[in-house]
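The values are calculated or read from the model by the stated rules, or taken from the named source; none is laboratory data. For clarity, every value in this text was computed on a predicted model and none was experimentally measured. With ideal geometry, Cβ positions are generated from the backbone for all residues, glycine too; neighbour counts draw on all protein chains shown.
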Amino acid sequence: MTTARAYPNIALVKYWGKADEDLILPAAGSLSMTLDDYSTTTTVTLVDGEDEFRLNDVEQLGRSADRVTTFLELVRSYARVVGLDTAHYSARVVSVNEGPTAAGMASSASGFAALAVAASAAYGLRMDTRELSRLARRGSGSASRSLIDRFAVWYPGDDESSYAEQIEAPDMAMVSVPVATGKKAVSSRSGMVATQTTSPFYHAWVSSTAVTLRDMIGACAAGDFTRIGELSENHAIRMHAVIAASQPSIRYLTPASIAIFDEIAAMRADGIEAYATADAGPNVFAVTLPELAESVADRLRPLATGETKILRPGPGARLIGDDE
Ligand code: 2P0
């Protein structure tokens, strides 16, 4: 029985679109901050019989259980290759999400990162961080980045070369501004396919993301927080624009989300440095400096419908002991 804990990550340069659906290879690279809250804790026990998946005390059936089984099949295939007889066993997977599931709080990132670490260990595989990042990627693309401490860049490429690794960046904070915690109408997976196949701006999105990633890596190396913030907000807006241009249109941001983007812009006009970002859901995150985080949270709290949290760079996915 092995237990792992992983945290979500929020991208400053976003992943939206695949070069390969089966291998989950991204069309472009991305860059994220791993959070220090909203963890997923997953225990894997090898069992006889069928795979089982329990999430937040509810036995899972259908699509979410199938995704876990498909992932476990991959882990077992690795175990067979290195001649481990653990490959004969099925697995019981028990996960607890601290944050809202499937509401654009990146629960699939923490979920598959924790599962990659716990399942590979349960089956007796010895994998380094790079191999675990590649493995987690097969569960959910953004999970590749949750293996990494603090800040991660995830490279596009082939199955071998598409993994995430750590990048140095100036210290910062994110303020979560939840406006909805329900399950979103269009999953990231199907929203990406719709964007790739129907949005006329998709190719421009992919080529411009490569340029933004280069600029962002440069801004991180220079410790230029202002540039990081500007690039982040602009890239998030571009992502929502390319998605909205899908036919039929997909919109993840609601009027409440837009009001938060506007309030963050108003804060900047008042000299408080904060920048907005949002993933495939209506919840907004303000990217700011650690010393400004409390005042940013105070100003955004009236616009949130859930708890506003200050998030800091967090740890990559890892095994934990029984007492943690
Ligand atoms: C990101 N998102 O970079 C972007 C921004 C959502 C918006 O990665 O199909 O759940 O499992 O690879 O990883 C969400 O996509 O999609 C995501 P799959 P995933 O964080």
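Couple of notes before you dig in:
- When each of ILE228, ILE272, ILE237 is tested for being under 16 Å from LYS14 (Cβ atoms), of a type in the set (Val, Ile, Thr) and surrounded by fewer than 21 Cβ atoms within 10 Å (Cβ to Cβ), the lone residue that passes is ILE237.
- The single condition among (1) farther than 23 Å from ALA236 by Cα; (2) within 16 Å of the ligand (Cβ to nearest atom); (3) touching a residue at least 40 places away in the same chain (Cβ under 8 Å) that ASP22 does not satisfy is (3).
- Qualifying residues in segment 210-224 (those that are more than 15 Å from PRO170 (Cβ to Cβ) and of a type outside the set (D, E, K, R)) - the one surrounded by the fewest Cβ atoms within 10 Å (Cβ to Cβ): VAL211
- A residue that is crowded, with 21+ Cβ neighbours inside 10 Å and aromatic (Phe, Trp, Tyr) can be found somewhere in segment 111-120.
- Those residues of segment 207-225 which are touching a strand residue (DSSP E or B) at 6+ places or on another chain (Cβ under 9 Å) and among the β-branched types (Val, Ile, Thr), in sequence order: THR209, THR212, ILE217
- Test: residue in segment 287-310 that is within 24 Å of THR40 (Cα to Cα), in contact (Cβ under 8 Å) with a residue 12 or more places away in the chain and surrounded by 24 or more Cβ atoms within 10 Å (Cβ to Cβ): yes
- Matching residues, segment 138-176, being more than 27 Å from ALA286 (Cβ to Cβ), out of contact with any Leu (no Cβ under 8 Å at 6 or more places or on another chain) and either of a type in the set (Ser, Thr, Tyr) or within 16 Å of the ligand (Cβ to nearest atom) (or both): TYR155, SER161, TYR163
- Residue check: SER107 meets all listed conditions (1) modelled with pLDDT of 95 or more; (2) of a type in the set (Ser, Thr, Tyr); (3) within 30 Å of ALA219 (Cα to Cα); (4) surrounded by fewer than 24 Cβ atoms within 10 Å (Cβ to Cβ) but one, namely (1).
- Residue identified as within 16 Å of the ligand (Cβ to nearest atom), at pLDDT below 95 and among the small types (Gly, Ala, Ser) among ALA276, ALA245, ALA280: ALA280
- The residues on offer are ALA164, ALA180, and the sole one that is of a type in the set (A, V, I, L, M), more than 21 Å from ILE148 (Cβ to Cβ) and surrounded by 16 or more Cβ atoms within 10 Å (Cβ to Cβ) is ALA180.
- Flag for SER133 being near the ligand (Cβ under 10 Å from one of its atoms) and within 17 Å of ALA118 (Cβ to Cβ): no
- A count restricted to segment 250-299 and to residues that are part of a loop (DSSP other than H, G, I, E, B) and farther than 30 Å from ALA194 by Cα stands at 5.
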